[in-house]
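The values are calculated or read from the model by the stated rules, or taken from the named source; none is laboratory data. Given the structure is predicted, the values throughout are model-derived calculations rather than measurements. In this analysis, Cβ positions are derived from the backbone assuming ideal geometry, glycine residues included, and neighbour counts consider all displayed protein chains.
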Amino acid sequence: MKKKYVLSSAMCVALALGGSFAIPSFAQSTTVIPESATPGISNFTDLGEASPDATLNVNFYMQLQNKNQLDQVLASHKKLTAAQFHSQFSPKGNDYHAVVNQLQNAGLIVNGTTDNNLVIDASGTVAQIESVLGTDIHQFQDSSGNTFLANTTDYHVTGPLANHLAGTSGVNQLATAKPMIKSTEGTDLTIGQGKPSNFFDGNNSAKIQQAYNFSPVYKSGLDGAGQTIAIVDAYGSPTIQSDLQTYNQKVEQGAFGADEPLNLEVMSPPPGQAKQPVNSSVAADWAGETSMDVELAHAVAPGAKILLVVTKDDGNSLFIAVNKLIDKELANQISLSWGMPEEYISTSQKHAVDQMFAQGAAEGINVFVSSGDDGDFSKQLGQTDVSFPASDPNVIAVGGTSLFTNSDNSYQNEFEWGATNRWAGGILQLPKNAFWMGTGGGVSNVFAKPSWQTGVQGLDSTISHRQLPDVAFNSDPFTGFSIVQNGVVKNGWGGTSDAAPQWAAICALANQGHMQKTGSPLPFINPLLYSMNTSTFHDVQHDNLSYFFWAPLFPGGNAKPWNVLMGADSSLQAGPGWDDATGLGTPDVSSVVNYLANAN
């Protein structure tokens, strides 16, 4: 956006004569929204100014009021209702509608507003968005040839926006969520060395429940009844209802009896609003993500209701859906198995979205977020980074492990999920120990260290920022789970995508117990997790395991031998106490649920 400033003839004469003039009374002051330009775009090819007629859908986030008092509420772990949050912290209605009017007067179409006065969903042309935000929007191209739009300068806003805008989403199209799912489909572990006998082979929940000590919880009568686990995924899966039925029959095999309920509600975009994924691979990843999230959450808490919210895209609408779940108090636990590098999102956008998660924490709504499947991101970005929204201090970040069990499926040991691989034969020699996949973790570049991460064994006391993950769960696809997709049972699925919904389901079990004892749901549980006795968790330790598997070098090719080194997660490594790969560790579920159910 090129700004032009025109002086009137009278002003020009005054200047020429050395005179002065008063600024007209209609002039408006401009406020700069700090750190609102898109970061990280120097890594992409700038194709120049975006077409002014291109259309953008943008979410405008308002600033909460009384932030200092909100911080005190969060520190005290006092729970509020949505109505109480609105009266104390939501933007005032007059201010909210003043911004709505400003956007409409600028030519934007307001598509929707929110009850908590936090977000305004609007659409307009690039020229209109540039004008109202006082920024320049360019088109960029990544190494694969995909193009996206992003703003290259901070926002310079006037009018009501100058006093109330916290940030936006949608202007920066680099901030697109990626599902945290991995699969070993196409590999063959039966040739040569084969799969180690102590690999956890998680084809159904009975095995993971034995390893992580679920049985006492179920025997006490807790199965998640009366609880809702909300799951938010983009695009969804058209067969999820029937796939859950098939999963229960063929994978779970009626583990909880013939009367086990299959309570799944799907909220989808209105007809005609859903957008198409950029390619079939993205669609397949989100469909697999949806299957894994729903099926594994149900397997852990079979009595709970699963509320699947399918969004129209993998950008703005994901956060709009989360805001709705929190503000309408539709679930006590939410699972988000997706994210993006902090590097791809402006600081102002992260803080704007954090306000939504802060409302959730204040209301006792626990949001479990996958910590990522790309290790420390150094392979992808050339520098270390963490995944957002897992890095937000008002969510529970869930990392991943590789689990090993005894012959009776009882717990043996586990180490951080991470793997390097290289082709083990032929003329072509791929780089030795090239990073392949692994759990995410590290230090946020944005969020300050929360109080409950102080004085914890393993946490670096010299670091003043939020560190993640908080907890972990088996996530290695080689020690992974079976899911059903399109009616077909598929083995070897993992990623921290399977960790978040199962931890959300564990929270549902604990919430059911807490409701029975106190009559009210749990507060935000991260401070409670950090206050638990260390014996409540399996303190995951670093180890390595090298083995061979067979897979094509390229799709459709012949199988080739590969050497895999497990327990090699970029710079992240498990160790005593908290660590940046597995957090506090994996749960002894009976101990965790008992502690939370009896929490004051």
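Observations on the structure shown:
- Strands (runs of 3 or more DSSP E) within segment 276-385 that include 2 or more residues in contact with a helix residue (DSSP H, G or I) (Cβ under 9 Å, 6 or more places away or on another chain) and surrounded by fewer than 24 Cβ atoms within 10 Å (Cβ to Cβ): 305-311
- Verdict on S591 being touching a helix residue (DSSP H, G or I) at 6+ places or on another chain (Cβ under 7 Å), in the same structural domain as T184 (by TED's automatic domain parsing), crowded, with 16+ Cβ neighbours inside 10 Å and at pLDDT below 95: no
- When S215, S220 are checked against the criterion of being modelled with pLDDT of 95 or more and over 14 Å from Y411 (Cα atoms), a single residue qualifies: S220.
- Matching entry among A508, A434, A504, A448 (being under 28 Å from L70 (Cα atoms) and surrounded by fewer than 17 Cβ atoms within 10 Å (Cβ to Cβ)): A448
- Evaluating S268 against the criteria (1) under 24 Å from A508 (Cβ atoms); (2) modelled with pLDDT of 95 or more; (3) polar (S, T, N, Q) leaves one unmet condition, (2).
- Single condition S237 does not satisfy, out of (1) modelled with pLDDT under 95; (2) part of a loop (DSSP other than H, G, I, E, B); (3) polar (S, T, N, Q): (1)
- Residue in segment 79-96 that is under 23 Å from the mean Cα position of the chain (by Cα) and either of a type in the set (S, T, Y) or at pLDDT 95 or above (or both) present: yes
- Cβ separations smaller than 7 Å between residues 6+ apart or across chains give the following pairs from segment 106-132 residues that are farther than 16 Å from L318 by Cα to residues that are surrounded by 16 or more Cβ atoms within 10 Å (Cβ to Cβ) and modelled with pLDDT under 95: E130/M1; S131/M1.
- Those residues of segment 211-234 which are surrounded by 17 or more Cβ atoms within 10 Å (Cβ to Cβ) and either touching a Cys at 6+ places or on another chain (Cβ under 9 Å) or assigned to a helix (DSSP H, G or I) (or both), in sequence order: A211, V217, Y218, Q227, I229
- Number of the condition not met by N526 [criteria: (1) closer than 22 Å to K78 by Cα; (2) modelled with pLDDT under 95; (3) in contact with a strand residue (DSSP E or B) (Cβ under 9 Å, 6 or more places away or on another chain)]: (2)
- Inspection of segment 18-31 finds no residue satisfying the criterion of being closer than 17 Å to F140 by Cβ and at pLDDT 95 or above.
- Residue in segment 188-202 that is modelled with the lowest pLDDT, counting only those that are part of a loop (DSSP other than H, G, I, E, B), in contact with a strand residue (DSSP E or B) (Cβ under 6 Å, 6 or more places away or on another chain) and surrounded by 17 or more Cβ atoms within 10 Å (Cβ to Cβ): L189
- Meets criteria (over 21 Å from Q485 (Cβ atoms), of a type outside the set (F, W, Y) and touching a Cys at 6+ places or on another chain (Cβ under 6 Å)) for Q333: yes
- Applying the set (1) at negative phi; (2) under 14 Å from the mean Cα position of the chain (by Cα) to A361 leaves exactly one unmet item: (2).
- Neighbours by Cβ (under 9 Å, 6+ apart or cross-chain): first from segment 41-66, without any contact (Cβ under 8 Å) to a residue 24 or more places away in the chain; second β-branched (V, I, T) and exposed (fewer than 14 other Cβ atoms within 10 Å of the Cβ): none
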